[in-house]
Amino acid sequence: MSVVELAPAPAPFVGRFDAPSSLYVDLPPTAPPSPSPRDGPMILPIVRTTSEPARRRPTVVVEDDAAGEPMVVHAGPGHELMVRTIAAVDQDECEAHGENAFFVCDLAEVYRQNERWERALGRPGGHGRRVEAFFAVKCNPDPLVLRMLAALGLGFDCASQAEISTVLALGVAPSRIIYANPCKAASFIRHAAASGVDMMTFDNADELAKCRKHHPRAKLVLRLLTDDSGSVCRLGAKFGAHPSMVRPLLVRARELGLDVVGVSFHVGSGCTNPELFADALERARRAFDIGAELGYRFDLLDVGGGFQGETFETMAGVIQLALERYFPVDGAGAGVRVIAEPGRFYVTEAFELATNIIARRGLAVDGIDDADVAAEDKPITMYYINDGVYGAFNCTMFDHQVVRPVVLTLDGGDVILPASSTSDENAALRELALEMSPCSIWGPTCDSIDCVVARTDMPTGRLEVGDWIRWPQMGAYTICAASQFNGFRRSLVHYTIHAPAAVEERIRALLAA
């Protein structure tokens, strides 16, 4: 099989843009050098995923006010940006952290997910959105993701003072924020009041007392307990008022002179059973009716989160049918305002992580034959990478995610595998007909709990120290909870936009808004 070397990316422009007209930067044309195994890594032929003619790929720099560092947005497939990034690393000469793990975020994927949301939950007849998306900031507070979603007009589900401040700093109106944490610190409630964030959830009488004292003008939303048995992360053990408490809580709110405007629920994060939404909406209807009996005129329904890409259209269909049954609109198309709190739906597919193999050990590597280990069917080869469960892979512990390693390079980085043109991530690997062997993958810290994958099959005969592993679907509940335990840095994010020219320009305009 012939090999080619990908042309290095041109140096990005760095600076602050003063107007949208400055979004594009003229880049000098570059020609790929002649392939030579001695000059650097060899790359198997890249499978192009777009039929568009080649065009100059501009970069835009958006300044990160929090860190004071510029964030460069490239263009083209995420795999190509990942390849260019690792090809620029000299593992023999780089400074400390030079070969750190890193994310690649395709902002076009976030944009496409928003279009999916609009199609599936749009009001019939084109009268606007039936279910408004309030992005769950906790899932992934990436600054460019938040900036783009804010420009698209989404609302935001915030769980703390810090998240509220982050969203407000983007210029988002306080009315586009729901403080969706039923149990809040008093100082946080005062901050919300001072910031004009009125919409907030509650599920207990003490929370009502705090709101009466610190934010009497709040627009309160009663969070209900629902069946979350079909979700990856069940939340009912911690939040949600039992049906028997709905009336007493609403009575108490009335006594305190508080304004309860609606009802919310959450079927659990990563819901696998769409029918749970129908059951929750029936419970919400009963709560609305109790509120009406007590003199309330609820006008808001928050259906929470739990949306997953694989089942989204099915979930949307269940929600639409249940809304028609329990919360129908009138002849003029008016009805209860319905919002939702999607998080992982927007960002899971948009982020991929590249990790470097920093060490390898095991009986096979050391040439030792241990019949006892083989008899126990334990992986013999152990790989150590430079991100782990204290970093991005905290998702395997806190979010119960199952991560999937995909080989990116072989032979210590001498061969780079192309992206697959199908859903089979390891298709290129199979084409090489390499022998696969069981192994385990571990993080870099000194804690033995830092195991990323206890068992998987990899080409251990050619996967060496210095090689890279790619991890798809790493956008949800990864960056947000990563620590710096043992002094290891959090993995940084590299951005790209892989979309037709018109969509790319639209996204760049949103980022500059």
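The numbers here are math on the coordinates, done by the rules we state, and not lab data. Just so it is clear, the structure is predicted and the values come from calculations on it, not from any experiment. Positions of Cβ are generated from backbone atoms using ideal geometry, with glycine treated the same way; all protein chains shown enter the neighbour counts.
Take 244-253, 76-85 and order them by the average number of nearby Cβ atoms within 10 Å per residue, most first; the result is 76-85, 244-253.
Distance between the pseudo-spin-label points of ARG297 and ARG285 (7 Å out from Cα toward the beta carbon): 2.3 nm. Restricting the calculation to Cα atoms, every distinct pair contributes to the Kirkwood radius of segment 431-513, found to be 16.8 Å.
Spatial offset of segment 276-322 relative to segment 112-181 amounts to 18 Å, using the alpha carbon center of each. Each peptide in 491-504, 295-308 was scored by the mean count of other Cβ atoms within 10 Å over its residues; highest first, the order is 295-308, 491-504. Computed on segment 141-342, the Cα convex hull volume stands at 126 Å³ per residue. Treating r as the C-beta distance of ALA454 and ARG489 and R0 as 22 Å, the FRET efficiency rounds to 0.30.
The H on the amide N of ALA419, modeled in the peptide plane, is under 5 Å from the matching H of VAL47, each at least 5 residues off or on a different chain. For MET458, the residues whose amide H sits under 5 Å from its own are SER437, CYS439, ignoring neighbours fewer than 5 places away on the same chain, with H placed 1.01 Å from N.
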